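To start, the structure under review is shown below, and the notes come after it.
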2 protein chains.
Amino acid sequence: MARIVMKFGGTSMAGIERIRNVAARVKRETDKGNQVAVVVSAMAGETDRLVNFCREASALYDPREYDVVVSAGEQVTSGLLAIALQEIGVPARSWLGWQLPIHTSDAFAKARIRTVDTHALDAALAGGEVAVIPGFQGVAENGRVTTLGRGGSDTSAVAVAAAMKAERCDIYTDVDGVYTTDPRIVPRARKLKQVTYEEMLELASVGAKVLQTRSVGLAMKEGVRVQVLSSFGDGPDADTLPGTMIVGEEEITQVERQLITGIAHDKNEAKITLTSVPDRPGAVASIFAPLADAGINVDMIIQNIAHSYGVAAASTDVTFTVPSTDLARSLDVLGNAQATIGFEKLVHDTKVAKISVVGVGMRSHAGVASTMFTTLGARGINVLAISTSEIKVSVLIDEDETELAVRVLHSAYGLDAQAA
Amino acid sequence: MARIVMKFGGTSMAGIERIRNVAARVKRETDKGNQVAVVVSAMAGETDRLVNFCREASALYDPREYDVVVSAGEQVTSGLLAIALQEIGVPARSWLGWQLPIHTSDAFAKARIRTVDTHALDAALAGGEVAVIPGFQGVAENGRVTTLGRGGSDTSAVAVAAAMKAERCDIYTDVDGVYTTDPRIVPRARKLKQVTYEEMLELASVGAKVLQTRSVGLAMKEGVRVQVLSSFGDGPDADTLPGTMIVGEEEITQVERQLITGIAHDKNEAKITLTSVPDRPGAVASIFAPLADAGINVDMIIQNIAHSYGVAAASTDVTFTVPSTDLARSLDVLGNAQATIGFEKLVHDTKVAKISVVGVGMRSHAGVASTMFTTLGARGINVLAISTSEIKVSVLIDEDETELAVRVLHSAYGLDAQAA
């Protein structure tokens, strides 16, 4: 007997027929004698519909009322799944965010989970009842409904798994696991059996949209073993199709360890260059402080070598990237600060892509970055910027070369699957 | 300054444009300095959509989960109206059933309101905030969501009005008041300025579908003055179009008093006759006890005069009506009890209609029933059954004669409006 959390996304909950499939899948776990909590998303499209109502009602809608409106979507699916489970003889009940309760901060529309009360949950599970929990929602200290921000149901699932000390948290999604890279770009991409939290965080944050980044961070912090697997597996027992386990580094079997785990790409970055910034102390701070104040995340930063044209005059170009969605606001903020910063021109480029190679293995191996530059250089791909972390090397390149870069790197690091 | 409850039905809440109109109407009340609580229904069609999901998921759905699912509709509109009010500068917040809270019985899917806690509500209203309350929902003692049964939002509104000691409860609906009879049948039907609770109860229960019967009973019990008015009045100030006030008898101005207030008709009755029931003590009980056990409401009852065919043998025919929707079940119940009851044949007829004349004035006037029979008889309309209460006379007639009967009675009691 094990305690398991199962999480189903909006596509899996879209309509009664699919909810019935979810119920059947949950029953397979309870039939094994497992204690199961299920976390559900709203039906696909429903949250968008509710968000649009709020936007239509007011461009500056009150996030507290927004939370009341949009949390209704998961409320509906949790009740329906409980009914569908009962229908096939599985005792079940729904537990809304305020009923469990799931306590959150009062940052409405983007709240953070503080604690998941397991008093009622433990009793229900011990009594052989499946607990169906709407994802994405909780309750603030003042008793008002909160939501966790888009994609928050993954985080709900991990938080519930941590609180109930679940053996694992199975996230059913429309992909069947985490791949070495995007299989649409590299048909010979391989599904990973295991990946560490750190790797998943890097892969998620650079564009592998399998899990919400926050949920992975929480899983790492709480040591929750997360499995990503497909909700559309065929056959009478889809458990025979394992997904990808996201676990701590110590759990990764030696034979699985590779230098590089995966390659991610992200086209949602924009490059900004400030030309002829005075090369004096505090100049860089004067650029990034107003961006930080505006809540804009700056990613890769390159300060070109300063060229001295005389004794007094020294200036430099500063280049960095921001999310494309923040570009207009960034240009605005920087334009307003031109006098303070003292740059000459503001140049931007959205036709760029970030390519990242990720792997805990690179901690103990030199030469990962070198292989990357050599490989890209051999194909004439120009590197516009570089950034690194302990387990990641990222380069910024021309957007048109994204697919080529991913393919050649996938081969260069030996990630290609054997031909079938 | 007055305290007012305003209630808006599903048609008024169907879409953001209409919700904006509702917000504007609420603002007109707050602009007068009134303290306002608003009770809202779900968007038109939404409750049906959610109910159908439940039915699809299981024919025998758990009413506790049904309540979780269907209460979401009003949750959405209450949040949206709060946003729409804030958008036009009216401070507002939503209060869900469990937040206020509205305590109900634990008869899920058809719960009864026990108390409305006004602690938070009073504070909000005193602080100049409009309280937006989803109708139809509450919370049981065990903390689970309940709903009040279809049309329950009227009852929510009256209960909130009683708890907050509101001067009146304005029910905005798609008719602009209560009429002497159905204007589709009698174009010269008049809108009533006032009607008593008792009259409204009789009119509502016999087919004038303006307000939910339960809400009128509650208003009477709590002395809540209810106004029915149209949510689609034109003009910049629709307050100039008064509706119908439903009040206690003592409030009715003398000049308004009439012998008969209105005429209702109801085609949703079915007539059942049991032939040759043994005429012995307990025979009638053996018919109605099993029907009561099955939760079937029997309305009009006629026991024909027993004909004695000898010394020992005496038998009688028993006729009564039940709601059409309960006919099949009634026939089933009675068929199973044939041996116990000892009747010969079971005959039924759904082509019947009940016509009722209603008015508190008939208490002090004889001759109301006599006028009714004379008028119907003069037009050759056969009366199949009769039942009376202190303020109502009802007859059962052939369904095809419904419109004719209503028209001639409307004239006979002097209810026709003067030609314009």
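Any chance the range B:105-118 includes a residue that's within 13 Å of chain A (Cβ to nearest Cβ) and hydroxyl-bearing (Ser, Thr, Tyr)? For the range B:105-118, residues within 13 Å of chain A (Cβ to nearest Cβ) and hydroxyl-bearing (Ser, Thr, Tyr): absent. Residues in the range A:385-420 that are farther than 23 Å from A:Gly361 by Cβ and modelled with pLDDT under 90 were compared, and the one that is nearest to the chain's Cα centre (by Cα) is A:Ala385.
Among residues that are at the interface with another protein chain (Cβ under 10 Å from one of its Cβ atoms) and either at pLDDT 95 or above or out of contact with any strand residue (DSSP E or B) (no Cβ under 8 Å at 6 or more places or on another chain) (or both), A:Gln99 is included.
There is at least one residue in the range B:21-42 that is assigned to a helix (DSSP H, G or I) and at the interface with chain A (Cβ under 10 Å from one of its Cβ atoms). Among the residues of the range A:33-54, is there at least one that is polar (S, T, N, Q) and open to solvent by less than 10 Å² (accessible area, probe 1.4 Å)? So far as the range A:33-54 goes, no, none of its residues is polar (S, T, N, Q) and open to solvent by less than 10 Å² (accessible area, probe 1.4 Å).
Taking the listed residues B:Asp326, B:Asp279, B:Asp317, the one that is at pLDDT 90 or above and not β-branched (Val, Ile, Thr) is B:Asp326, with no other qualifying.
Can you list residue pairs whose Cβ atoms sit under 6 Å apart, with the first residue in the range B:3-18 being among the charged types (D, E, K, R) and the second being assigned to a strand (DSSP E or B) and open to solvent by 10 Å² or more (accessible area, probe 1.4 Å)? Count only pairs 6 or more apart in sequence or on different chains. Pairs that qualify, where the first residue is among the charged types (D, E, K, R) and the partner is assigned to a strand (DSSP E or B) and open to solvent by 10 Å² or more (accessible area, probe 1.4 Å), are B:Arg3/B:Gln35. If you filter the range B:85-97 down to residues that are open to solvent by less than 50 Å² (accessible area, probe 1.4 Å) and in contact (Cβ under 8 Å) with a residue 40 or more places away in the chain, you find that the one that is nearest to B:Ala140 (Cα to Cα) is B:Gly97.
Scanning the range B:283-305 for residues that are of a type in the set (Val, Ile, Thr) and either within 23 Å of the chain's Cα centre (by Cα) or surrounded by 15 or more Cβ atoms within 10 Å (Cβ to Cβ) (or both) turns up B:Val284, B:Ile287, B:Ile296, B:Val298, B:Ile301, B:Ile302. Residue check: is A:Pro134 under 27 Å from B:Ala57 (Cβ atoms), without any contact (Cβ under 8 Å) to a residue 60 or more places away in the chain and either facing chain B (nearest Cβ under 10 Å) or not β-branched (Val, Ile, Thr) (or both)? No, not satisfied. When the range A:192-205 is filtered for residues that are modelled with pLDDT of 90 or more and open to solvent by 50 Å² or more (accessible area, probe 1.4 Å), the ones remaining, listed by number, are A:Lys193, A:Glu198.
Right, A:Thr350: farther than 30 Å from A:Ala314 by Cβ, open to solvent by 30 Å² or more (accessible area, probe 1.4 Å), more than 24 Å from the chain's Cα centre (by Cα) and of a type outside the set (A, V, I, L, M, F, W, C) or not? It is false that A:Thr350 is farther than 30 Å from A:Ala314 by Cβ, open to solvent by 30 Å² or more (accessible area, probe 1.4 Å), more than 24 Å from the chain's Cα centre (by Cα) and of a type outside the set (A, V, I, L, M, F, W, C).
Are any of the residues in the range A:148-160 within 11 Å of another protein chain (Cβ to nearest Cβ), out of contact with any His (no Cβ under 6 Å at 6 or more places or on another chain) and within 21 Å of A:Leu218 (Cβ to Cβ)? So far as the range A:148-160 goes, no, none of its residues is within 11 Å of another protein chain (Cβ to nearest Cβ), out of contact with any His (no Cβ under 6 Å at 6 or more places or on another chain) and within 21 Å of A:Leu218 (Cβ to Cβ). Set side by side, the residues A:Ala82, A:Ala57, A:Ala72 differ, and just one is more than 26 Å from B:Phe108 (Cβ to Cβ), facing chain B (nearest Cβ under 10 Å) and open to solvent by less than 10 Å² (accessible area, probe 1.4 Å), which is A:Ala57. Here A:Ala140 fulfils each of the conditions (1) under 20 Å from the mean Cα position of the chain (by Cα); (2) under 26 Å from B:Pro101 (Cα atoms) apart from (1).
Of the residues making up the range A:334-347, those that are open to solvent by 30 Å² or more (accessible area, probe 1.4 Å) and out of contact with any strand residue (DSSP E or B) (no Cβ under 7 Å at 6 or more places or on another chain) number 4.
The values are calculated or read from the model by the stated rules, or taken from the named source; none is laboratory data. Predicted model only: the values in this text are computed from it and were never measured. For neighbour counting, all protein chains shown are included, and Cβ atoms are generated from backbone atoms with ideal geometry for every residue, glycine included. With ligands, DNA and RNA removed, areas are computed over all heavy atoms of the protein, side chains included. Shrake-Rupley method; radii C 1.70, N 1.55, O 1.52, S 1.80 Å.
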